[in-house]
1. Take the conditions within 23 Å of the chain's Cα centre (by Cα) and modelled with pLDDT under 90 and apply them to residue 578. Does it pass?
2. On the basis of being assigned by TED's automatic domain parsing to the domain that holds residue 55, in contact (Cβ under 8 Å) with a residue 40 or more places away in the chain, more than 30 Å from residue 219 (Cα to Cα) and part of a strand (DSSP E or B), does residue 334 make the cut?
3. List pairs: first residue in the range 537-561 and under 12 Å from residue 599 (Cα atoms), second residue β-branched (Val, Ile, Thr) and modelled with pLDDT of 95 or more anywhere in the structure, Cβ distance under 6 angstrom, at least six positions apart or on different chains.
4. Tell me, yes or no, whether the range 77-87 has at least one residue that is assigned to a loop (DSSP other than H, G, I, E, B), assigned by TED's automatic domain parsing to the domain that holds residue 268 and on the phi > 0 side of the Ramachandran plot.
5. What number of residues within the range 645-676 are surrounded by fewer than 19 Cβ atoms within 10 Å (Cβ to Cβ) and of a type in the set (D, E, K, R)?
6. In the range 437-456, is there at least one residue being modelled with pLDDT under 75 and either in contact with a Pro (Cβ under 8 Å, 6 or more places away or on another chain) or within 17 Å of residue 187 (Cβ to Cβ) (or both)?
7. Go through 529, 549, 540, 520 for me and flag whichever is surrounded by 22 or more Cβ atoms within 10 Å (Cβ to Cβ) and either outside any helix (DSSP H, G or I) or β-branched (Val, Ile, Thr) (or both).
Amino acid sequence: MKRRTFLQRSTLSLTAFGCSQLGLSLAASRYQQVLAAPTPRKLALLVGINQYNNPLNGCLTDVELQRELLLHRFGFLPGDILTLTDHQATRTAIVQGFLNHLIEPARSGDVVVFHFSGYGGTVTAATGDTQTSLVTAGPALASGDTLVADDLLEDTLLLLLRSLQTNRFTVILDTSYIYPGKLLQGNWRIRTRPTAAIVQPSKAELTLQDHLLAQLDSETRKRWDSPYTRVPATPRLPLPGVLLDASQPGQLALEAKWNGFSSGLFTQALTQQLWQTTPAPTLRISLGRAKEQVEQRTNQEQQPRLVGQKGQEQALQPYFLPLPEQAAAGAVLAVEDGKTAHLWLAGMAINVLEHIGPGSLFVIPNLAPIELQLLSRDGLTAKARILGSGTVNDQPAAVVPGQPVTERLRLLPRNLGLTIALDNTLERIERVDAISALSAIPRVTSTLVGEQAADYLFSKVTATPPTQVAALPTSNLPAIVPPRNQTTGGYGLFSAGREIIANTAGEAVKAAVRRLIPKLHTLLASKLLHLTVNETASHLKLRATLATLAPQEKTWLKRETHRLSQTDPHPNPPAAPEANGLISLAIGNRIQYQIENRSSELLYILLLGLDNNGDLFFLSSPRLLPPDSASPELTSREQRAALERLSGWVAAGETLTLPQTTTSFQWVLSGAAGLVETYLICSRVPFTQTWNLLATTVRPGADTPAVYPLPNPLEVAQAVLQDLQQTGESNKASSDTLALDMATYTTLRFTYRVV
């Protein structure tokens, strides 16, 4: 798009675009280079809009997520963070915020953050040229067959960013620009302006662009005005800082309803990772972990990206700032009468946060033995009773706002179940039949799509494998939409991101649901195992890697406990692709896990997972048990022999490979394409109940490692949870809860896609 044709130069005064009081001449003195302050200033402008004609739900939460992160994790001052939400977030107000709060005070070396959550869209000039835009709170005005919207255009944002005297800025855009014709994508809400009408930019916006452009030097203006062919999402001029975009060009940005709140998938994943990140990981690594979460939830249909000149720096820290040494589940927001603490828990994994129960314990690092006992939770906030008293350097200490908190004891409901959302493409009678059939299955509940958080989606499926997807109309995403005239093939179970669950397609609704029962047990087992993951909170010192041995030797993923990263820093594997999000491994690859036990004692291990065929599996790792670890419940010679073929353990200071290279067994990826989730569970005490159950279930026939599918996945997962409870403060549990002590075990999770 040529700028001259798009801007359609206007002679309107500055008053026309509502910013005359700001002196938008942007005098040269404002842009003169000055010495940076001795301490770099940290400035942020956070924008979130829910109140559109078709409202969103999670944008204000996104602003809260960013604000609390900047305050308590990165040391921003409250007065240096400007928030604009709902009706406050007009185009004029956002521009004013940029000019007064970011451009005017920022100097070279200062840190700047701009965040936007809301609808995105596209605007079209009279010439037919288009560009993306951020939809503000200003109304769109009808003009014939078109709408004139008060959007903040892509080029305007670029010009505002280039007006900053610092290149240490981070832009986060949790929005998208393609409208597929529906508000929902599976159980997720789409953040694109829901209109098919042609939208034109306002004259005020075009005038603003003119005045911002006038501040650039002649060479830069020449580059801006020169003819070019726009590549999607490629800015007209290089972006000096960092842009974190919620999705790739042509993809959707989605928001989710969780248990108690809504948020953007990307903002939630990103901020959670930054609560858990310590100084060693770079922005690329932290973003990669967030991308992995988003891509897994959306079947890789939303893939966040990192752009900008500064984003090319491999060692770049998040927001250009150092992080605290301690990972955290959140922070103390306030204290009442010295007895009750209000907590912000955005650093917790979302699945754990949704299910953690009263009685769970948190601690403040370096403030032992003070504990915070959870009383209640409301979304991302919680109330906790302050137990005990603490000291720092032999002086009495107290709980005060701003202190980080970490998990100590995790209480979970024993009878946790699955929630299945019924797709809105089902006819009323189909929904009635599905509700009736699902209600007969223990620990399974149903809801309508979009109404609440759900684990999976029940929908119609297409007849043609292997590209079966939920039958949701998303016209701009061909990979999601069945081909024209394609017939339907009954009903099945899908992830919330609309990926078909293997071997779930069926004919009639009730028959399909009945056939799903074994699969639902498997998926519930995986959910229970996922709730044990505690990489950040575990007190053990453990590191594990996933590597391929053939056709090439390469380390792909690394997971380690925070305790180990603090005391024994280890560089990330060279060129580890986890920085790119969810990794893919080809069928035929030979894989191996490597476990480093840097704790001071022997640890018992289990390796379980959900494979690419949709089955729960167990890797046997035969080793003779240490003499003092035999279970008293295994009295017969046959039972002990079976246990020793199933058991796994790694001594203090030892590095163990699974499977071991000295055996004839080779773990080669096979089966259908799909997602794999592997859980490496390590405990200070033997997995007695689990081993007993496995010994009667898989019946290994040789002293050789092997991967076994489990016919009773839910029983095995429940036995694992019961064993983990026995390792710690089991007295804190009840008939309705399980207590997992962070001091006694570690669960590390590895996720990848088999292709």
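The values are calculated or read from the model by the stated rules, or taken from the named source; none is laboratory data. What you see is a predicted model, and the numbers here were worked out from it, not measured in a lab. Every residue, glycine among them, receives a Cβ derived from its backbone with ideal geometry; neighbour counts consider all protein chains shown.
1. On the way: within 23 Å of the chain's Cα centre (by Cα): yes; modelled with pLDDT under 90: yes.
Judged against the criteria, residue 578 is a match.
2. Numbers: assigned by TED's automatic domain parsing to the domain that holds residue 55: no; in contact (Cβ under 8 Å) with a residue 40 or more places away in the chain: yes; more than 30 Å from residue 219 (Cα to Cα): yes; part of a strand (DSSP E or B): yes.
Judged against the criteria, residue 334 is not a match.
3. 538/746; 540/746; 542/746; 561/746
4. To start, the set of residues in the range 77-87 that are assigned to a loop (DSSP other than H, G, I, E, B) comprises 77.
Okay, now just the ones that are also assigned by TED's automatic domain parsing to the domain that holds residue 268, so 77.
Still in the running and on the phi > 0 side of the Ramachandran plot: none.
Checking the range 77-87: not a single residue is assigned to a loop (DSSP other than H, G, I, E, B), assigned by TED's automatic domain parsing to the domain that holds residue 268 and on the phi > 0 side of the Ramachandran plot.
5. 1
6. no
7. The unique qualifying residue is 540.
Every residue, every condition in (1) in the same structural domain as residue 495 (by TED's automatic domain parsing); (2) at pLDDT 90 or above; (3) in contact with a Cys (Cβ under 7 Å, 6 or more places away or on another chain); (4) assigned to a loop (DSSP other than H, G, I, E, B), yes or no:
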{"site": "271", "(1), (2), (3), (4)": "no, yes, no, no"}
{"site": "280", "(1), (2), (3), (4)": "no, no, no, yes"}
{"site": "302", "(1), (2), (3), (4)": "no, yes, no, yes"}
{"site": "306", "(1), (2), (3), (4)": "no, yes, no, no"}
{"site": "315", "(1), (2), (3), (4)": "no, no, no, yes"}
